[in-house]
Each structure stands twice: as C-alpha cells, then as structure tokens.
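Computed from the coordinates by the stated procedures, all read-outs in this text should not be read as laboratory data. These numbers come from a predicted model, not from an experiment. As a convention, Cβ positions derive from the backbone with ideal geometry for all residues, glycine included, and neighbour counts pool all protein chains shown.
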Amino acid sequence: MIFQMPGPTATSDWATIAWIIISLFWILLLFTDILDRSRIIRYDRFVRVKLMYIEKLIKEAREDSERFLKELGVKDPKNVIDGFIGNNFVIEPVSIEPVDIIKRMSHLLRTRDSKIKAYVNSIMPDNIDNVKKTNFMVLLEINWILDFYYRYIRHLYLYSRKYKLWLYLIQLSMVLPVVIKELEAVRKAVEPFSKGVPVGDSAGPMVVSLLAPTSERILIEEETVYSKIDFEGRNLYLIKAEGPGGTVGRPGEALAKLVEELQGKVARIITVDAALKLEGERSGSVAEGVGAAIGDPGPEKIAMERVAAKYNIPLDAVIIKMSSREAITEMTKEIYEGVLKAAERVKEIIRTKVSPGSNVIVVGVGNTIGVK
C-alpha cells in the first residue's frame, strides 16, 4: 500500500487566513492607539451631543424670557438679555489677605446688585411694578447661568481637542450627565419666576408668612421686612425678604439691626431655610440643628453669627430638605407639607425653650417669590 501526504485543502487555507487576520488584529490593538482613538471618537461625539442639548436649553430659556419681556412692553428683548449676559461678572476679593474680606465681598455683591437693578430699571417701562422687576432680575440670572456653563463646557471641550488632552475629554464626558441634570432644573426655573409662584427655596419665607399671615410688614433693610406678634405671651419678631417678588433680601443685616434695636435682649434666634437633601432622604423632611441656616457666600451668614455671639444668644436652625431641582422649581406638595411641619417645629421650640415675656426672632431665609 502506498501512502501519500495530505495536500493543502480549502479548510486549512481559510484557517490560516483567519489566524493571520486575528494575529494582525491583536498586534494593531496592542502596539497602536486604534482602540484609544475609537474610544475618543465616542467620547467626543457624546460631549458634542450634550453641548447641543445645552444650546437647546439656552434657546428655550431665552424664548420664555423674551416672551415675558414682550408682555411687559419692553422693546428688543433679545438685546436686553444679551446685554446682561455679556456684561455681568464679579471678580472675587483678594483672599490671601483675609483681613476684612467679608466687608470687601459684601461691598462687591452690593455693587453688583445695584448694577443689575439699574440695568433693569433702564429698560423697563415706568408703569412696571417692583415685583415684576425683581422677578425679571432672576430670569436674567437664569439666562446668565445657562450661558456661562455652556461657554465653560465648550471651552474645556475645544481645549482638550486642540491639545490632544484625551483624558480631559473622558473626564468631561463622565461629569456632564450630572451637570445636565442641574442645568435642566435651572431651565425649568424660568416658568415659576415668570408666573410669580413659590419655589422650593421659598420654604423659609413661607414659614414666617404662616406664623404671621396678616401682620404688618415693616421695612428694616433693603428688600427685607419684619413683623411683630404675640405668641403665647412671647414677643415674636419675624424677618423675611419683602414679597411677593423674587428676592432673598438681606436677612443677616436685618437680624443684626433688629437685635441691636432690642439692645441684645433676645432669648433665642431661630433661622429657617431650605437645605439640600442627601440621596435617599425624603423631600420635605424637617430637621433641627444649631447655627445659621442660610446658603450665603458669607456676608449675611457671618452677620447672623456675629450678633448672636456678641450677645450670647442661642442660634437654632430648622431646615426643610429638598433636591437642588426642587429648590428652584415650583413648590411641590411634599415641600409644602414640610413647610407646615417646620412652622410647627418652630412653635414647639419657642414653647419649650423661650420663657413667656421674652423676645424671640425667627428668620425665614430664601427667595420669597410668590410669598407676601
């Protein structure tokens, strides 16, 4: 019998070709940056899509704001908004030398507020009341925030592409979903401030309004008022921003001034404000603590702390928890129920910790939009 060596077959040829292709594929993956570049292309596209979405949010906010201005009789609303966005920034004070930094910061913030008010007054018809003017100031801020974040994210995107900083691009794509959620909330804030209805951040002023719904409001500081009522034999002073316009007032300065007028004879100071909840916590839940409940860059909060420390006045804090989205959008049922609970908690603190005949001050911190 004669044996013959098997010759090449079609099957073995295809197996060899497949092995060569697989080998080349792994060589390309291991010794080139093809894999990295494919990922970069995906991240690049993701960021570009998100930038386009932010542009859409800006356009929607602009359209709603321009519609609000047209209803008030303002001419050329587009240029009004553009003029504010292009000329609105604050340079922070020098922090390397901390002496009087709060005073300098307060001066800069007051100067900025005065500039914005002057700008709004210059473009608004004379027959427009202050409530609509303050609401429009908030709308301007909303448009500025959206525009600023868009320009900053675009800067990071273009910068990473220009200098091939792919790690920057990857990091940007990772944080963008969170940023987008916050910007969506900012976009939705246009509607309540256009309508003049309370938002989540109105919780603090609303507590004060519930405690003294019909009392006379006395102006004590710019855009800040107080009321005085008798609460079960205690002299109760209630401070809040002047409503129903969209303003936060100057609660710290108002508190300091009122305490000085009372010559420091205050048994207790209670601050009430909205606070960001942690993930998993229930919106509208109420908590009680110690300190000044106020989300402030510094000047108002330190004014509260200083006057409390000067006269050794206990400083309590009652907070209504909510998400950042709930804080700037129309007040929900859960937040309103939290406001009712906070009002009862304040009453309980006064009953149990303040003797009859004493003075107690309650400060409702937050934007008083829609709250008188």
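Brief remarks on what is shown
- Helical runs assigned H by DSSP (4 residues or longer) give the chain a calculated mean residue ellipticity at 222 nm of -19000 deg cm²/dmol, each run adding -39500 (n - 2.57) before division by the residue total.
- Per-pair calculated FRET efficiency, R0 = 30 Å: Lys59 and Val178 via Cβ, rounded to 0.05: 0.85
- For the chain, share of DSSP beta bridges that run antiparallel, in % to the nearest 5: 50
- In this structure, the residue pairs whose Cα-Cα separation is over 31 Å, taken from Lys257/Lys333; Lys133/Lys181; Lys321/Lys372; Lys310/Lys347, are Lys257/Lys333.
- Fully extending the segment from Lys228 to Asp82, taken as 0.36 nm per residue of separation minus the present Cα-Cα distance, adds 48.2 nm.
- Against the empirical 2.2 N^0.38 Å (N residues), the range 200-364 has a Cα radius of gyration ratio of 0.96.
- Along its first, second and third principal axes, ordered by size, the range 34-195 spans 65, 46, 23 Å in Cα coordinates.
- A protection proxy built from the mean count of other Cβ atoms within 10 Å ranks the segments 203-209, 215-221, most packed first, as 203-209, 215-221.
- One chain, two ends: Glu281 and Leu158. Fully extended at 0.36 nm per residue, the span grows by 40.5 nm beyond their Cα-Cα distance.
- Options (i) 150; (ii) 124; (iii) 235 - which one matches volume of the Cα convex hull per residue in Å³ as calculated here: (iii)
- Taking label positions 7 Å along the Cα-Cβ direction at both Glu260 and Ile22, the computed distance is 8.4 nm, reported to one decimal.
- Charge sum, other residues only, whose C-beta stays under 12 Å from Gly243's C-beta, Lys/Arg counted +1 and Asp/Glu -1: +1
- Distance between the modelled labels on Arg110 and Arg37, one decimal in nanometres: 6.0 nm (7 Å Cα→Cβ projection).
- Here's the picture: a label point sits 7 Å out from the Cα of Leu219 along the beta-carbon direction, and within the range 238-269 the residues with their amide nitrogen under 19 Å of it are 238-258.
- When the convex hull of its Cα atoms is viewed from all sides, the range 144-251 shows a mean projected area of 9.7 nm².
- Förster-model FRET efficiency, 41 Å R0, Glu305 and Asp126, C-beta, rounded to 0.05: 0.50
- Computed extension gain for Arg151 through Ala15, at 0.36 nm per residue and net of the alpha carbon distance, reaches 43.5 nm.
- Scattering curve values for the range 228-280, log₁₀ I(q)/I(0), Debye with Cα scatterers, q = 0.14, 0.15, 0.17, 0.19 Å⁻¹: -0.51, -0.57, -0.70, -0.82
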